[in-house]
Amino acid sequence: MKTTAVRTQGFTLPEALICLAIIAMTILMALNGWRHLQHHAQLAEAADRLADFMQRHQLQATRINQNCQLRVNQGYGWSLIGVSANCDGAPAGSSARLHSPYANIKLESSASDRLTLAGLRSTATPASLLLTGPSGRITIILSGGGRIRSVVEPAG
């Protein structure tokens, strides 16, 4: 007579392999979503820093009632540099600078390489600065009236 052994505990090898495959696929999908979330947060932070830097210089121009200029260096290693005297609040002989916080974010400008922020009536030279990253694009718009705003365009 044959006796059948009844399994009371543990998993068979195929069950364990199927479970590991399901867990691995779930982790891969989660990592892809996490990477996209990180890239989007980096792009948003860079845009916030850029808008804050421009707004700080615009307020300083209004306070001292003079024109302030910012030099725009485009590309992946982008930077904005305050080039006008007394406009950046920095010590004498130095200027305020904003450098790209992340290497994967590119800056493009629709205007020339200089932005002028006029202290008189809080106006500015109209321009748009486009920040591009793996998760999308954010455009910082500087209107003639001196208003600074951002427009988010998701990657698609």
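Scanning segment 94-131 for residues that are in contact (Cβ under 8 Å) with a residue 60 or more places away in the chain, of a type outside the set (A, V, I, L, M, F, W, C) and not in a helix (DSSP H, G or I) yields a total of 2.
For (1) aromatic (Phe, Trp, Tyr); (2) under 19 Å from ALA61 (Cα atoms); (3) loosely packed, with under 14 Cβ neighbours inside 10 Å, each residue gets a yes or a no:
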residue: SER110; (1), (2), (3): no, no, yes
residue: ALA118; (1), (2), (3): no, yes, no
residue: SER128; (1), (2), (3): no, no, no
residue: LEU131; (1), (2), (3): no, no, no
residue: SER135; (1), (2), (3): no, no, no
residue: THR139; (1), (2), (3): no, no, no
residue: GLY146; (1), (2), (3): no, yes, no
residue: SER150; (1), (2), (3): no, no, no
residue: PRO154; (1), (2), (3): no, no, yes
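Against the definition (surrounded by 15 or more Cβ atoms within 10 Å (Cβ to Cβ) and at negative phi), how does SER95 come out, yes or no? It is true that SER95 is surrounded by 15 or more Cβ atoms within 10 Å (Cβ to Cβ) and at negative phi. Name every residue in segment 48-76 that is part of a loop (DSSP other than H, G, I, E, B) and closer than 15 Å to LEU129 by Cβ, in order of residue number. Matches in segment 48-76: GLN74, TYR76. Within segment 135-156, the set of residues being at pLDDT below 90, closer than 20 Å to SER100 by Cβ and either assigned to a loop (DSSP other than H, G, I, E, B) or of a type in the set (Gly, Ala, Ser) (or both) comprises SER135, ALA155.
Beta carbons closer than 9 Å, at least 6 apart along the sequence or on distinct chains, pair a first residue in segment 37-61 that is under 16 Å from PRO126 (Cα atoms) and surrounded by 15 or more Cβ atoms within 10 Å (Cβ to Cβ) with a second that is of a type in the set (Asp, Glu) and at pLDDT below 90 for HIS57/ASP88. Residue count for segment 1-27 under the criterion of being assigned to a loop (DSSP other than H, G, I, E, B) and either modelled with pLDDT of 90 or more or loosely packed, with under 10 Cβ neighbours inside 10 Å (or both): the result is 11. Scan segment 11-27 for residues that are within 41 Å of the chain's Cα centre (by Cα) and either on the phi > 0 side of the Ramachandran plot or among the polar types (S, T, N, Q) (or both) and the total you get is 1.
When residues in segment 98-156 are screened for being touching a His at 6+ places or on another chain (Cβ under 6 Å) and over 21 Å from GLY77 (Cα atoms), 1 of them pass.
The values are calculated or read from the model by the stated rules, or taken from the named source; none is laboratory data. Keep in mind that what you see is a predicted model, and the values were worked out from it rather than measured. Cβ atoms come from the backbone with ideal geometry, glycine included; neighbour counts cover every protein chain shown.
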